[in-house]
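Read the structure below first, then the notes.
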Amino acid sequence: MSDRYEAKLDDFTLDCETLEDSFEKSIPEAEFPYRDGALTGDMGQKARKITIKCYFYNEHYYEHFSFIEHLKKRTLFEFVHPKYGLIKGRIKSVAIKHDDRKETAEVDISFVEHMRGEIEPKKEPEVVGETESAFTNGQSELQDDARKNFLDKARDFMAQIEKYKRRFDSILKDVANPASSLINMVNYATDTPGEFIGSIAKCVERYAELYNTLKDAPTRFLGSLQSATEELASAFESFFDEEYRARSSAEKEAAQFAGEYARAMGAMMMALQAAYMYKADEQKRNMQRQREQTKSFDSRGNYTAQAPQGPIMSIDELELSLAIVRQSIQRSVDEMRGIESLKAMARTLQEHVDKIKLERERIITVNIDGVLPLHLVCLKHSLPYNYAERILTINPQIKNPNFVSGEVRIYAG
């Protein structure tokens, strides 16, 4: 006997069990003379049929009369199954057994599912495309948020905002903003809120350019950018501490806004830069795979030289870099709940790293007794000898790959 469960059919709550759940495929068969078998095709799924038994007893016994009348309607019914969810369809047949003396009724229903729409497969997140889209949307959200906050303020407040805008423009003015950056494609409005957010965006971008040489070490780059933007925000929030008490309320409020928007822009820039680094890392990883499948010597015994390639990120580096970005995003979300793009970028990066972690090799630490060449360490742990170059990049303590001893980090086979 099947398990009993509670389900709903339109407005009726049912105590029922599934007797049968089946479907067929529409498979055309074309047979040819003097040929064994048949040429087949797949024209999709035929109607799904579910047969359920509904129970009505004790104080619910008389409900089955109105339930049966409801089943006579010539409409689509909505059947909510606890496991299958919502299924729309029609009632093909109804069989009733009832006993008035025991106040018990059983109603067997043959339910035929109505045609479903095309089912779109879930797409894997494209980390750069989705993060760039969220970053661009974030610029609009920040402008709208600033416009809503600023336009209700007094003239003195707007004057202070103009002053802070000029300060953002003056920071790192010797560092050029890249001509091909995403920020240059964003349409910042020409009113005070739009120009204010545009100035912050270009200021934060200059910080990213300043630390550009650290991009081969993603966690150092993101950590430096995080520290710089946090110091920037804090500096505006407490500009000239010794004069803080002397400032007007409008200047204090403008300084607070400048700090919050700078912090939010910094979080967005960190997320964007992380997306770029993750995509570049995946490209290097794919190239590494191709290199490892290429033989080191050709058929004549000549060494096949390959262009040098930077290291790929380990699981630890992926997790740490993501944690740095999400920490900054979380602080800004706590301050500015209405900026949905921050949450979208955090979600996209998290989904990407989760996907990569499933595909990427795990790193373990092994202890090498004596002294061995790194290629022999690979073979000893069932790894291709071509992995030696990759293993060398995650073991900076190895000075000479021909003499390896002690603890060594390798990829789990």
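If I ask for residues that are more than 44 Å from the chain's Cα centre (by Cα) and in contact (Cβ under 8 Å) with a residue 12 or more places away in the chain, which ones from region 52-61 would you list?
Taking region 52-61 as the starting set, the residues that turn out to be more than 44 Å from the chain's Cα centre (by Cα) are 55-61.
Tyr55, Phe56, Tyr57, Asn58, His60, Tyr61, listed by residue number.
Which one of the conditions (1) modelled with pLDDT of 85 or more; (2) assigned to a helix (DSSP H, G or I); (3) under 22 Å from Met336 (Cα atoms) does Lys148 fail to meet, given that it meets all the rest?
(1)
List the number of the failed condition for Gln139; all other conditions in (1) within 30 Å of Ser181 (Cα to Cα); (2) modelled with pLDDT under 90 hold.
Looking at each condition in turn, Gln139 falls short on (2).
Any residue in region 370-393 that is in contact (Cβ under 8 Å) with a residue 60 or more places away in the chain and under 30 Å from Ala262 (Cα atoms)?
no
Given Ala412, Ala388, which one is surrounded by 13 or more Cβ atoms within 10 Å (Cβ to Cβ) and of a type in the set (Gly, Ala, Ser)?
Details: Ala412 fails: surrounded by 13 or more Cβ atoms within 10 Å (Cβ to Cβ).
Only one candidate qualifies: Ala388.
List the helices (runs of 4 or more DSSP H) inside region 327-413, counting only whole elements, that have at least 2 residues being hydroxyl-bearing (Ser, Thr, Tyr) and closer than 21 Å to Gln273 by Cβ. So that I can check it myself, show each step before the final result.
Working: elements: 340-359, 374-380, 388-393.
Ranges flagged: 340-359.
Can you tell me which residue within region 1-31, out of those that are among the hydrophobic types (A, V, I, L, M, F, W, C) and assigned to a loop (DSSP other than H, G, I, E, B), is modelled with the lowest pLDDT? First the steps, then the outcome.
We begin by selecting, within region 1-31, every residue among the hydrophobic types (A, V, I, L, M, F, W, C); these are 1, 7, 9, 12, 14, 16, 19, 23, 27, 30.
Those left that are additionally assigned to a loop (DSSP other than H, G, I, E, B): 1, 23, 27.
Numbers: Met1: 48, Phe23: 80, Ile27: 78.
Taking the candidates together, the pick is Met1.
How many residues are modelled with pLDDT of 85 or more and more than 19 Å from Gly259 (Cα to Cα) when one looks only at region 180-202?
Qualifying residue count for the region: 11.
Look at Phe67 and say whether it is closer than 22 Å to Glu24 by Cα, touching a strand residue (DSSP E or B) at 6+ places or on another chain (Cβ under 7 Å) and of a type in the set (Phe, Trp, Tyr). Show your work before the answer.
Values: closer than 22 Å to Glu24 by Cα: no; touching a strand residue (DSSP E or B) at 6+ places or on another chain (Cβ under 7 Å): yes; of a type in the set (Phe, Trp, Tyr): yes.
Answer is no for this residue.
Do the conditions hold for Gln330, that is, is it exposed (fewer than 15 other Cβ atoms within 10 Å of the Cβ) and over 12 Å from the mean Cα position of the chain (by Cα)? So that I can check it myself, show each step before the final result.
Details: exposed (fewer than 15 other Cβ atoms within 10 Å of the Cβ): yes; over 12 Å from the mean Cα position of the chain (by Cα): yes.
Taking the combined requirement at face value, the residue satisfies it.
With the requirement that a residue be more than 18 Å from Thr136 (Cβ to Cβ), in a helix (DSSP H, G or I) and at pLDDT 90 or above, what does region 204-217 give you?
Step one: of region 204-217, the residues more than 18 Å from Thr136 (Cβ to Cβ) are 206-207, 209-217.
Restricting the remaining residues to those that are in a helix (DSSP H, G or I) gives 206-207, 209-210, 212-214.
Result: Arg206, Tyr207, Glu209, Leu210.
Quick check on Ala250: is it modelled with pLDDT of 85 or more and either surrounded by fewer than 21 Cβ atoms within 10 Å (Cβ to Cβ) or in a helix (DSSP H, G or I) (or both)?
Answer is no for this residue.
Exactly one condition in (1) farther than 19 Å from Met115 by Cβ; (2) part of a loop (DSSP other than H, G, I, E, B) is not met by Ala47; state its number.
Condition not satisfied by Ala47: (1).
The values are calculated or read from the model by the stated rules, or taken from the named source; none is laboratory data. If you're wondering where the values come from, they're calculated on a predicted model, not measured in any experiment. FYI the Cβ positions are ideal-geometry reconstructions off the backbone, even for glycines, and counts take in every protein chain you see.
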